[in-house]
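Peer 1: Handing you this structure, nothing more for now.
The values are calculated or read from the model by the stated rules, or taken from the named source; none is laboratory data. Everything numeric here is computed off the predicted structure, so don't read it as measured data. Virtual Cβ from ideal backbone geometry, glycine too; neighbours counted across all protein chains shown.
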């Protein structure tokens, strides 16, 4: 129990470097190695103290002591690299999305069960204080029965983000706006309200025709299996900077809205016989220069991994939940394919 858990990271882009740093900062963790197809110089890692490799296979073969491998490669490679790490009998932390198809997620889960290892899915927005609060008022029926839910995600992603020759914006490695930009928020919706049915959708590409292989905007509406109806309205066509990520919930006993650019502020709360508690401040968004992403909560992810492996707690986002987010997005995008055919 007192020994440090040894980690390795596959991929050293923005998020892979963040994983590496979170491991270094945890007193119960040790970073043994990282790998990437780019060179240390290209990645700005000339001063890297840990072992560096150009392939996952070489890294895993050289470090049998590693217990956990972080998968931080492009979306379309998550399944391949997850299976490589599982074949080597490692637990894995997989960045979102778990894969780009439900079938690939099922393959990962089957392999993890076969080798008795755990798959941790990175859905760090669950740790934001407004998300924790929403979970409480919904699970405890404080807001009553759910009537309507509206998820709005309006961000900026332009040519500062989609670099020519890069993986972002490609169908094969990116997969689409809902996979790369907004899967965290779909996860929150699934975590709070459960699965969807009766999905309808419209999609549009307003200004990304030369930047991506897919839509930049969409309207999606549906019913929840557990009752109530909902919608997801999203776009990456917002000019210059992110506008908002918000969720509005109408229940039988009240209404709430959590908004801000990253679903980080409670903007409205009016619930029968209820006083809104004072919440802790939400961590700042991940800052990548010209654009920003979701809350910087990766430290909580690694704490949960270590606590789970040491038997102190249970996993925050398990593989079945990671699969369900991919399944929901895949079902939404199946309608995109039908629209194109029509």
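Peer 1: At least 2 residues that are within 24 Å of residue 306 (Cβ to Cβ) and under 23 Å from the mean Cα position of the chain (by Cα) in each: list the strands (runs of 3 or more DSSP E) lying fully within segment 24-112 that qualify. Reasoning before the result, please.
Peer 2: On the way: elements: 29-35, 51-53, 68-71, 91-94.
It comes to 29-35, 68-71, 91-94.
Peer 1: Output the residues belonging to segment 139-172 that are closer than 14 Å to residue 252 by Cβ and either modelled with pLDDT under 95 or in contact with a strand residue (DSSP E or B) (Cβ under 7 Å, 6 or more places away or on another chain) (or both).
Peer 2: Scanning segment 139-172 gives 142, 143, 144, 145, 146, 147, 148, 149.
Peer 1: Read through the list (1) over 25 Å from residue 138 (Cα atoms); (2) in a helix (DSSP H, G or I), then give the number of the only condition that residue 184 fails.
Peer 2: All conditions pass for residue 184, except number (1).
Peer 1: How many residues are in a strand (DSSP E or B) and over 24 Å from the mean Cα position of the chain (by Cα) if we restrict to segment 247-277?
Peer 2: We begin by selecting, within segment 247-277, every residue in a strand (DSSP E or B); these are 247-251, 254-259, 265-271.
Then keep just the ones that are over 24 Å from the mean Cα position of the chain (by Cα); that gives 250-251, 254-255, 268-271.
Number of matching residues: 8.
Peer 1: Conditions first: (1) more than 22 Å from the chain's Cα centre (by Cα); (2) assigned to a loop (DSSP other than H, G, I, E, B). Residue 175 passes all but one, so which condition is the exception?
Peer 2: Tallying (1) more than 22 Å from the chain's Cα centre (by Cα); (2) assigned to a loop (DSSP other than H, G, I, E, B), residue 175 fails exactly one: (1).
Peer 1: Also: Pick out the one residue from 198, 240, 205 that is touching a strand residue (DSSP E or B) at 6+ places or on another chain (Cβ under 8 Å), without any contact (Cβ under 8 Å) to a residue 40 or more places away in the chain and at positive phi.
Peer 2: When all the criteria are applied, what remains is 198.
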